[in-house]
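Novice: Here it is, the structure in full.
Coordinate-derived values only; no laboratory data. Values in this document were obtained by computation on a predicted structure and should not be read as measured data. All Cβ positions, glycine included, derive from the backbone under ideal geometry; neighbour counts span all protein chains shown.
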Amino acid sequence: MGIKMHPFFFCFLLLLLVSPHSYGESEEDEFEEIKRSDFPKHFFFGASTSSYQIEGGYLEDGKGISNWDVFSHIPGKITNNDTGDVADDHYHRFLEDIELMHSMGLNAYRFSISWTRILPRGRFGKVNKGGINFYNKIIDNLLLKGIEPFVTIYHFDYPMELERRYESWMSSQMQDDFVEFAKVCFEEFGDRVKYWMTINEPEMVAILGYRMGSFPPAHCSPPFGKCSMGNSDREPLIVVHNQLLAHAKAVSLYRTHFQVKQGGSIGITISIQMYEPLDQQSDTQAVDRILAFYVGWIYDPIVYGDYPKEMREILGSELPSFSDEDKRYIKGSLDFISINHYTTKYAKDCFHSSCPDEVNRPINAFVETTPYRNGILIGDPMGIPGLYVVPRGMEKVINYIKQRYPNHSIFVTENGYSMRPSDGNKVETILNDWKRIKFHKSYLAALARAMRNGGDVRGYFIWSLMDNFEWIRGYDTRFGLFYVDHLKTLERRPKLSAHWFASFLGGYSQQLTQLSSI
Ligand code: FCB
C-alpha cells in the first residue's frame with residue numbers, strides 16, 4: 001500500500017512545487033509559498049471523516065438503524081438515490097485507510113463514532129460489543145502508526161429509535177441519551193483518546209434538519225420550504241438548545257469521572273462561514289450580527305454561559321433560556337475550540353435595505369448573505385452551491401475567534417475543496433486536482449498569517465481523507481485526497497493533492513524513492 005504516482009502527476013507536482021505563482025488569478029488569490037516549517041513542530045496535520053459518510057456495513061455486527069439509514073433510503077432525497085449502505089466500505093477496509101494516512105505522513109485523524117453501532121437503540125437497548133470492537137481496532141491501529149485519534153462522538157447520525165420515541169433533538173430526553181452514549185465512549189475508548197469533540201456542527205443539524213428541511217428529520221415551514229411538519233423559525237432554536245445542554249452534561253460527566261484519570265481534553269465543533277460587509281456602514285453591523293447568530297449561538301453559552309445579547313434582542317422570548325443550574329455547567333464546558341471552515345460571503349443589512357421575505361426574518365438576524373458584489377463573485381465556486389474559495393476568510397475566522405473567545409486553543413477540524421461537476425467527471429480529471437492543492441496552499445498560508453498574528457491554532461484537518469457520501473449530494477460531490485471508485489471496485493487512488501500533502505508534510509523524498517521503482 002502507500003502512494004504510487006503516475007509520471008504525469010509527478011511532473012505536474014514538480015511544477016506546482018517549484019513555481020508557486022504559476023496559477024494565481026488575482027493578487028489576493030495568489031498563494032504565498034507555504035511550508036511545513038511555517039507551523040510549530042507539534043502541530044497536528046490530519047484528515048477528517050465521519051461514520052455515516054465512510055463506513056458502510058450498515059447492518060453488520062449488531063448495528064442499529066440510524067436517521068440517515070432511513071432518510072437515504074427514501075427515493076428522491078439523495079442525488080442518484082445514493083445511500084451510505086456501503087459508502088467507502090471503511091468498515092472492512094479501515095486498515096488500508098489507516099495505511100493511506102500513514103503513507104501521507106499524517107499525525108492525526110478525526111473520525112466519528114456511529115451511535116447505532118454502540119447503542120443500536122439508544123438508552124432503550126444494550127451496548128453492542130461489535131461496535132466497541134470496531135472502534136477499538138481503529139484506535140489501536142492509529143496509535144500503532146503514530147496517528148493521534150480525534151474523536152467526534154456524534155456527527156449527524158443517531159438511532160432512529162430516538163426519533164420514533166420522542167422526536168430526537170426536539171425533546172430534552174435526547175440530552176440523556178447523548179450523555180449515555182458519551183459515557184460508553186469515555187469508558188471504552190477514553191484510555192487512548194485524548195481529543196474528544198462532543199457534537200459536529202449543532203447549528204447545521206438545526207439549520208439543515210429543522211429550518212431548510214433538507215436533512216433528516218426534514219422539518220420546515222414556509223417560506224423556507226414545504227415539509228410535512230416543522231416550524232423553521234422556532235424549531236432550530238430548540239434543537240440547538242438541547243444539543244448545547246447535551247454537550248454540557250457530557251463534558252461535566254467527563255470532567256467528574258474520566259478526565260483526571262484519562263488526561264484528555266474535550267470540545268465541540270462548529271462550522272464558521274466568514275462574512276464581509278457588502279457595501280454600506282450598516283453592513284458592518286450585519287456582519288457582527290450574523291456572526292453572533294451563528295458562532296455566538298453555540299460558543300457564547302459554552303464560553304460565557306448564555307446566548308449573545310444580539311440574539312436575545314432580536315428573538316426575545318422565542319430564544320430558550322438557561323436556568324441557573326444549566327448556566328453553571330454550560331459555562332466553560334470546553335478545553336479547546338474546534339471549527340470547520342470552508343467559505344466567506346458578503347453580508348447585507350436588512351434593517352436599512354430591502355431583502356427577500358425568507359431572509360428578512362429574526363432567525364436570520366435580518367441579514368441577507370450573497371456571494372456577489374457588483375455582479376462579481378467573491379471567489380471561485382466549489383462543487384457545493386454556496387461555497388466559494390476565499391482564502392483570506394481563514395485568517396479572519398481565526399482573528400474573530402481569538403477576539404471573541406480569548407485564551408482558547410483552536411483546531412481547524414475541517415477545511416476542504418470539492419470540484420464542480422462542470423470541471424469534468426473523468427477519473428483522470430478528478431485525480432488531477434490541482435485546484436484542491438491551490439485551495440489548501442492558500443488557506444494554509446492564511447492560517448499561518450493568523451498564527452503569526454497570535455492565533456493559538458494547534459491543528460489542521462483536511463476534509464476529507466477520501467471521497468465519500470456527501471450527505472444529500474451522495475457520491476457525486478468529491479472532497480477526498482483519495483479518489484474512491486464507488487461504482488465498481490471501491491479502490492482508493494491518490495489524487496495529486498494526496499501527493500502534494502505528503503510532500504508538504506515531509507514525505508517527498510520517500511515519494512521520490514517510490515517513484516524510481518515505477
Ligand atoms: C461539513 C460536514 C462534513 C462534510 C463537509 C463537506 O459541514 O461536517 O460532514 O459534509 O461539510
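Novice: Exposure proxy check: Thr413, Thr284, Thr489, Thr344 ranked by fewest other beta carbons within 10 Å?
Specialist: Numbers: Thr413 30, Thr284 16, Thr489 9, Thr344 25.
Taking fewest neighbouring Cβ atoms as first place, the list is Thr489, Thr284, Thr344, Thr413.
Novice: Further, regarding this structure: What are the residues whose amide H is under 5 Å from the amide H of Arg478, where those residues sit 5 or more places off or on another chain and H is modelled from the backbone?
Specialist: When sequence neighbours closer than 5 places are left aside, the close amide H contacts are Met419.
Novice: Also: Expressed as a fraction of 2.2 N^0.38 Å, the rule-of-thumb size for a compact globular protein of N residues, what is the C-alpha radius of gyration of the stretch 76-138? Please report the intermediate quantities before stating the final value.
Specialist: On the way: Rg = 14.7 Å, N = 63, 2.2 N^0.38 = 10.6 Å.
Relative to the 2.2 N^0.38 Å estimate, the stretch 76-138 comes out at 1.38.
Novice: Going by a ≥ b ≥ c, the root eigenvalues of the Cα gyration tensor, does the stretch 284-409 fall in the rounded group (a/c under 1.5), the prolate group (a/b larger than b/c) or the oblate group?
Specialist: It is oblate, given that a/c is not under 1.5 and a/b is not larger than b/c.
Novice: Using Cα-Cα distances under 8 Å and only pairs 6 or more residues apart, what relative contact order does the stretch 302-448 have, in percent?
Specialist: For the stretch 302-448, the relative contact order is 25 percent.
Novice: Which of the residue pairs Lys145/Lys194; Lys129/Lys183; Lys145/Lys438; Lys63/Lys261; Lys261/Lys327 have a Cα-Cα distance greater than 23 Å in the structure shown? Intermediate results must be reported in sequence, preceding the final value.
Specialist: Values: Lys145/Lys194 16 Å; Lys129/Lys183 15 Å; Lys145/Lys438 28 Å; Lys63/Lys261 30 Å; Lys261/Lys327 26 Å.
Distance filter (> 23 Å) returns Lys145/Lys438; Lys63/Lys261; Lys261/Lys327.
Novice: What dipole magnitude, in Debye to the nearest 20, does the chain give about its Cα centre under +1 on Lys/Arg Cβ and -1 on Asp/Glu Cβ?
Specialist: Its charge dipole is roughly 940 debye.
Novice: Length gain on complete extension for the stretch Asp176 to Asp279, per 0.36 nm per residue less the alpha carbon to alpha carbon distance?
Specialist: 32.5 nm
Novice: Taking neighbour counts of Cβ atoms within 10 Å as a proxy for exposure, in what order, fewest first, do Asp467, Asp423, Asp82 appear?
Specialist: Asp423, Asp82, Asp467
Novice: Classify the stretch 166-245 from the C-alpha gyration tensor, please: rounded if a/c falls under 1.5, else prolate or oblate depending on whether a/b exceeds b/c.
Specialist: Judged from the Cα gyration tensor, the stretch 166-245 comes out prolate (a/c at least 1.5, a/b above b/c).
Novice: Still on this structure, I have one more. Are there any helices in the chain, counted as whole DSSP H runs, that stretch 15 Å or more along their axis by Cα and score at least 0.5 on average by Kyte-Doolittle, and if so which?
Specialist: 7-18, 235-253
Novice: If we count other beta carbons within 10 Å of each Cβ, what is the order of Asp89, Asp485, fewest first?
Specialist: Asp485, Asp89
Novice: Another one. Given the options Ser48, Ile74, Met229, identify the residue whose Cα lies farthest towards the positive end of the charge dipole of the chain (+1 on Cβ of Lys, Arg; -1 on Cβ of Asp, Glu).
Specialist: Checking the options against the dipole of the chain, the answer is Ser48.
Novice: Hey, can you grab everything whose amide H is under 5 Å from the amide H of Ser66? Only 5+ residues off in sequence or another chain; H modelled, so Pro and N-termini drop out.
Specialist: Met160
Novice: Could you go through the stretch 211-223 in sequence order and give the Karplus-derived ³J(HN,Hα) for each residue, using 6.51 cos²θ - 1.76 cosθ + 1.60 with θ = phi - 60°, rounded to whole Hz, and x for Gly and Pro?
Specialist: 10, 8, x, 8, 9, x, x, 6, 9, 5, 8, x, x
Novice: Step by step: find N for the chain, compute 2.2 N^0.38 Å, then divide the Cα radius of gyration by it. What's the final number?
Specialist: 0.93
Novice: Once the piece of chain linking Ile74 and Asp191 is laid out straight, how much longer is it, given 0.36 nm per residue of separation minus the C-alpha distance between them?
Specialist: 38.2 nm
Novice: Would you mind checking which residues have amide H under 5 Å from Ser338's amide H? H placed 1.01 Å from N; only 5 or more apart, or other chain.
Specialist: Result for Ser338 returns Ile268, Ile270, Phe411.
Novice: How fast does the stretch 359-510 diffuse by Stokes-Einstein, in µm²/s, taking the Kirkwood radius from C-alpha pairs at 10 °C and 1.306 mPa s?
Specialist: D, rounded to a whole number, is 92 µm²/s.
Novice: Can you pull the one-decimal nm distance between simple spin-label points at Lys183 and Asn133, each 7 Å off the Cα toward Cβ?
Specialist: Once both label points are built, they end up 2.5 nm from each other.
Novice: Percent relative contact order of the stretch 189-251, based on C-alpha pairs within less than 8 angstrom and at least six residues apart?
Specialist: 26
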